[in-house]
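Structure, as structure tokens:
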Amino acid sequence: MFDGREPIYVQIAESIRAEILSGALKEGDQVMSTTQYATTYRINPATAAKAFAQLVDEGVLRKQRGVGMFVTDGARTLLRDRRREAFFTERLAPVLREAALLGITTADLIAHLDRQPQEGDRQ
Amino acid sequence: MTTTTSTARPTRRTPQWRRSAAWQLGVYAYLMAWAWAIALVVVVAVLAIVSRSVDVEMSGVAFSHHAFLWFPFSIAIMVTTSLLTTHVAAGMTRASFIRGAIIAALTTGVGNAVVATTLLVAERWVYDRLGWVHGSGDVGRTVLQDGALRYGAGLALLFSAGMLSGLLVGICFYRLGGLGGILALPLALSPILLTGWVGMPSDDQWTAWGNAPGSMPSHPLLGVLVLAAAAAAYHLLVRRVPIAKKEG
Amino acid sequence: MTGYSVSTSGLGVSYGRTAALTDVTIDLAPDRIHGLLGRNGAGKSTLLSTLASLRAPSDGTVAVDGGDPFEDERRMEHTCLVRECGDVIGDEPLTVNLDWFALARPTFDRAFAEDLLDRFGLDPRKKPQALSRGQASAFGVVTGLAARSPLTMFDEVHLGMDAPARHTFYEALLADFAEHPRTIIISSHLINEIETMLETVTIIHQGRLLLSEEADNLRARGATLTGPAAAVDRLTAGQTVIGSRDLGPTRQATLFGDLDTAVLDRAADHGVTVGPVPLQDLFIHLTEHPTRTEAHA
């Protein structure tokens, strides 16, 4: 399950974000408790708690005392917006750099994009 | 004394040594109950059989003194060789084990002496009714000739010495292994020998090596000193001993 | 905070003339799960025995909850070491053994112990000497968990336990640890199984401390690169390669040390995937080619 090099709590946080984005976890859904996470994935409950704390700080999860952790309303939008920002700065920028290195012009890029299936057809 | 743990259970109020003494006494008491029951049956049976052919001239109960010196001695060895590991591995200190062990050992030794003396008094009463001689094995002497209290005190010293010797033998084997333990035996058995030699209230009380009148001056205070020295030796040998792996 | 802190300074333990531990200095924070790794005979059991006051140090000092635990009633009765040999009363039924532990340990939870006996499928009327090796180990686990001691140590308790039993152990340990935080030290050879539970890793090698640091930090120093052999070679040039495997044109290289993260970030561009190194592999490498690393907290 943990096939990344980042600390485990980072990977857990990422997987929860991914589940929210994909809709597997809907807003208002309860997330597994730290104990359940710990026993299911055989990790330290403190590690799970660290991941949750990070997500609470981001506003993605909220804690309901005595009940558990829930996905906040608007969490999906929040994550999406952040991802959109990151898409341009972290993912697209290096691609554009490489394109420049390879001598691909902006016109080439636009032509390529025009040939892609349109937004309606895309998932 | 409060602890820093936030568990719901209250702090133990019984000191460790007392818990240990109680557990060890439980072990001794169970075995002694059986031993005395068996001894009584045997003595009564033997007397019943012997009295058919001859007039009984010796105390039957006195014959059991050997058993009540050496059997508890062997249990005391076992207590040290196996309970010590369990005790410390369960988180209790060696110091509490030592204290508990000595208290349990002395209590058992004295307890056995009390039972033995009481039985002797009862036996003497029975013998008197039956016209038998309550002899001690020495010509012309009866077992309780110098008084039951004196005799009982002597037994208490001897049996206690036996228990402490058992503890000492146990720790010698524990520390030194099989061969070392055997080599240390004379030293570990010395409390029994010394108590019988110089520690008795009467000169010719029953001892492990017979009733011969002692040529050495004998005094119960010396007996007490021997016991104190034995207890001190046990304390020194156990107080920092490394705990072995459990056998088996 | 309910668990005990553990620290040693220049700890040395000798059996006669043989030194089992030399100059070991560690610092383990309370309320965490710490891993203690080492080859057979490295000195792990000696270290744990010393922490449990089963023996006194020959050199240096040991501190549990800030003080010397040797013959200290409070510290000793709140420290529980579960040894492979099992410190039980062999000829009394399990339930009498539980009586004994309840008598000895102020933090012992009898109800929890009985629940665990049930989970492991142990019959409380049986005697330890009649148990199989796996069952005896399981009983050791039961007593160690139910003790709820602020310092709880498991010394290779997995031996003899089959996979389902070990699974039950890990599950019960993590669930109870979440509920009742305490300091836990686990010594095990099955590193793969426990890797994700450990917060810190301490490795003892031939009686000396090899490293003692956060598991995350140790993991961050390892990486496996998988991809076309030429690309992998280019990326790993100048870094410490501790292992390499080829499958056709694909090479998998394992790196360990101060990694050039810039290089790793670019790996995807070259068709090379970067993955973690299992702790077990790091352990094997480190104990085959030991170099003293600075101990990190």
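Around the Cα centre of the protein assembly as shown, unit charges on the Cβ atoms of Lys, Arg, Asp and Glu (plus for the first two, minus for the last two) sum to a dipole of about 1180 debye. Among the trypsin sites (Lys or Arg not before Pro) in the range C:201-290, those located in a DSSP loop and surrounded by at most 15 other Cβ atoms within 10 Å of their own Cβ are C:266.
Looking at chain B, what % of the alpha carbon pairs are farther apart than 23 Å? Of the Cα pairs, 54 percent sit more than 23 Å apart.
The range C:141-157 and the range B:78-101 have Cα centres lying 20 Å from one another. Mean per-residue shielding of peptide A:45-52 is 3, counting Cβ atoms of other chains within 10 Å of each Cβ.
Of the Cα atoms belonging to the range C:91-184, the radius of gyration and Dmax stand at 12.3, 35 Å. With a ≥ b ≥ c the root eigenvalues of the C-alpha gyration tensor of the range B:81-211, is it rounded (a/c under 1.5), prolate (a/b larger than b/c) or oblate? Here the range B:81-211 falls in the prolate category.
Applying the Karplus relation 6.51 cos²θ - 1.76 cosθ + 1.60 with θ = phi - 60° to the range C:260-266 yields 3J(HN,Hα) values of 7, 5, 4, 4, 5, 4, 7 Hz, where x marks Gly and Pro. Taking the Cα centre of chain C as origin and assigning +1 to Lys and Arg Cβ atoms and -1 to Asp and Glu Cβ atoms, the resulting dipole is close to 600 debye. Across peptide C:73-81, the mean count of Cβ atoms from other chains lying within 10 Å of each residue's own Cβ comes to 5. Tell me whether chain C comes out rounded, prolate or oblate; compute the Cα gyration tensor, take square roots of the eigenvalues as a ≥ b ≥ c, and use a/c under 1.5 as the rounded threshold. Taking the square roots of the gyration eigenvalues as a ≥ b ≥ c, chain C is prolate. DSSP bridge analysis restricted to the protein assembly as shown gives an antiparallel fraction near 70%, rounded to the nearest 5. Neighbours of residue B:235, meaning other residues whose beta-carbon lies under 12 angstrom from its beta-carbon, give a summed charge of +4 when Lys and Arg score +1 and Asp and Glu score -1. Under 5 Å between amide hydrogens, built in the peptide plane, is the criterion, and for residue C:208 it picks out C:22 among residues at least 5 positions away or on other chains.
Take every DSSP beta bridge whose two residues both sit in chain C; close to 65 percent of them are antiparallel. Taking θ as phi - 60° and the Karplus parameters 6.51, -1.76 and 1.60, the scalar couplings of the range C:37-52 work out to 10, x, 5, 4, x, 5, x, 4, 4, 4, 4, 5, 4, 5, 5, 8 Hz in sequence order, x denoting glycine and proline. Checking the Cα-Cα distances for A:50/C:127; A:50/B:245; A:26/A:50; B:245/C:126 against a 32 Å cut-off, the pairs over it are A:50/C:127; A:50/B:245. Among B:227, B:25, B:69, the largest mean-square fluctuation in a Gaussian network model of chain B (Cα springs under 10 Å) belongs to B:25. Counting every other Cβ atom within 10 Å of each residue's Cβ, C:190, C:21, C:48 order from fewest to most as C:190, C:48, C:21. Counting Cβ atoms of other protein chains within 10 Å of each Cβ in C:100-109 and taking the mean gives 6. For the protein assembly as shown, taking the reciprocal of the average inverse distance between every pair of different Cα atoms yields a Kirkwood hydrodynamic radius of 30.1 Å.
In terms of other Cβ atoms within 10 Å, C:76, C:161 run from fewest to most in the order C:161, C:76.
Taking other Cβ atoms within 10 Å as a rough exposure proxy, B:36, B:17 sort from fewest to most as B:36, B:17. Here residue A:63 is the anchor, and the aspartates and glutamates within straight C-alpha reach of less than 15 Å, apart from those fewer than 8 places off in the same chain, are A:27, A:29, A:73. In terms of its C-alpha gyration tensor, the range A:76-115 has an oblate overall shape, because the principal axis ratio a/c (a ≥ b ≥ c, square roots of the eigenvalues) is not below 1.5 and a/b does not outweigh b/c.
Put simply, chain A fits an ellipsoid with semi-axes of 36, 17, 12 Å; these come from the alpha carbon gyration tensor as the roots of five times its eigenvalues, largest first. Computed from backbone phi with θ = phi - 60° and the Karplus coefficients 6.51, -1.76 and 1.60, the 3J(HN,Hα) list for the range B:81-97 is 5, 10, 6, 4, 4, 4, 4, 6, 5, 8, x, 9, 7, 4, 4, 5, 5 Hz; x is used for glycine and proline.
Any read-out appearing in this document is the output of simple, stated calculations on the displayed coordinates, not a laboratory observation. If you're wondering where the values come from, they're calculated on a predicted model, not measured in any experiment. When we count neighbours, we look across all protein chains shown, and the Cβ atoms used for this are built from the backbone with ideal geometry, even at glycine.
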